[in-house]
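The values are calculated or read from the model by the stated rules, or taken from the named source; none is laboratory data. Predicted, not measured: the structure shown is a model, and the values here were computed from it. As a convention, Cβ positions derive from the backbone with ideal geometry for all residues, glycine included, and neighbour counts pool all protein chains shown. Protein only, heavy atoms only, side chains kept; ligands, DNA and RNA dropped before computing areas. Shrake-Rupley method; radii C 1.70, N 1.55, O 1.52, S 1.80 Å.
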Amino acid sequence: MLISYKYRAYPDATTEARLNAALDTCRWLYNKLLEECNTAREAGIAPTMRGTQARIVTLKDESPSLKNVYSKVLQMVNATLWSNIAALSQTKKRGRKIGKLRFKSAVRYRTLNYNQSGFKIDREHSSITFSKIGTIPFTMHRPYTGKVKGILITRSGDRWYVIVQAEQKVSESKREGRSVGIDVGLNSFAVDSDGAAIENPRFYEHSLDRIKKLHQSIARKQRFSKNWKKAKGKLEKAYEHITNQKNDFLHKLSRQYVDTYATICVEDLNIKYLKEHGTSRGLRRSIHSASWGRFYSHLSYKAESAGTNFIQIDPRDTTQLCANCGSIVTKDLSVRVHDCPYCGFVADRDYNAAVNIHRVGMEQPFEPVEPRPLHHISVVQVLAMKQEAPPFRAG
Ligand SMILES: [Zn+2]
């Protein structure tokens, strides 16, 4: 399985000029080959991928700028053209009426594809050297794993990104081992059926003072002036820092769970939201729900490549049921403690829910639950977790 890791890249002015020139050349080549394919077809000759591939070599004499672009990148231009041609004819076969393949404008053409070769990654200094382009630093907020098969460099507005494509081994057989249920909530980010309570991250709140100051500083400056742009850049960086922290947190936490457990059970968020619609607690909840969704998607794809079972259950009654005896103990959102009048089981509300999620996911009957104090894990502890570290809690 090929997994893509996208990182922000920071080419200097010289390198950026080379990138833009290479993009221009590749776009010109794409359009040129497309034009020649169209002309051939009109003359009753069916063009072939091999034919256009060979054409690149002769075009180099006519248009020497092609020599400034790494040859494999040019080959990938041809590959892209033919995959677009194939996609178009597939759509036509399905009976859709569509026109010809379009020529690419500068806005639509913004990716250089270094496939298999022509790049060298320096992980230590977080930079990549591209053949015929130069060395570009990038931020590796989430380290990639696996063998790198190719790298794309892509422009988005005035930003640049590198997309590292790494081959990931998919475990054929599902793992055997411990299982866990995870409940996400408002008080803690998550509580699991082994009693771990993960503190809610407040990265935005922590940066709020700084962000306010930056906004004020921008407001005081003359629009589009040098200092205004500088202040804008600082604000952008501050927001990016928050995003990186959030991503880092979610990646590390999900990695820990996938490394620790062979089966992970969570609630199906789609059903949960559908049921809670109308009783939603507004903005605070919606901000959290975005993080929960991302947390689950990280869990899900990491679980897939690790051979961990990822089970999403119907969230019906998970908070109301007593995990110990199965009685319904109704409580509204403000009640933080589950206190069962039928069997006397007292537990943190979210812990009770996590045990229920685990039981439903594993299709197990009600069993006496061992009451245990929650084991609190701070955001700092999560951030200090290494990507491939041993489980954060043994036994
Ligand atoms: Zn009970």
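Quick notes on this one:
- Mean Cβ count within 10 Å, highest first, over the residues of peptides 18-29, 152-163, 251-262: 251-262, 18-29, 152-163
- Note, ³J(HN,Hα) from phi for the stretch 5-22, Karplus 6.51, -1.76, 1.60, rounded to Hz, x at Gly and Pro: 10, 9, 10, 5, 10, 10, x, 7, 4, 5, 5, 4, 4, 5, 4, 5, 5, 5
- When you work out D = kT/(6 pi eta Rh) for the chain at 4 °C and 1.567 mPa s, using the Kirkwood radius from C-alpha pairs as Rh and the Stokes-Einstein form, the result is 52 µm²/s.
- Angle between the chain longest axis and helix 283-306 axis [Cα atoms, degrees, rounded to 10]: 70
- Whether the stretch 217-260 is rounded, prolate or oblate, judged on the alpha carbon gyration tensor where a/c under 1.5 counts as rounded: prolate
- Dipole magnitude (debye, nearest 20) for the chain, charges at Cβ of Lys, Arg, Asp, Glu: 2440
- The phi torsions of the stretch 28-40, fed into the Karplus equation with coefficients 6.51, -1.76 and 1.60 and a -60° offset, translate into couplings of 4, 5, 4, 5, 5, 5, 4, 4, 5, 4, 4, 4, 4 Hz, rounded to whole numbers, with Gly and Pro shown as x.
- Taking every protein chain into account, the accessible area of the chain amounts to 55 square angstrom per residue (probe 1.4 Å).
- Expressed in units of 2.2 N^0.38 Å, where N is the residue count, the Cα radius of gyration of the stretch 2-167 is 1.12.
- Prolate/oblate/rounded label for the stretch 100-223 (Cα gyration tensor, a/c 1.5): oblate
- Expressed as a whole percent, the accessible surface of the chain that belongs to carbon and sulfur atoms is 52, based on a 1.4 Å probe.
- Unpaired by the 4.7 Å Cβ criterion, cysteines found in the chain: 26, 37, 265
- Residue-by-residue Karplus 3J(HN,Hα) for the stretch 354-361, coefficients 6.51, -1.76, 1.60, Hz, glycine and proline x: 4, 5, 5, 4, 5, 5, 5, x
- Here the stretch 179-383 is treated as an ellipsoid with the same Cα gyration tensor; its semi-axes, largest first and in whole Å, are 38, 19, 15.
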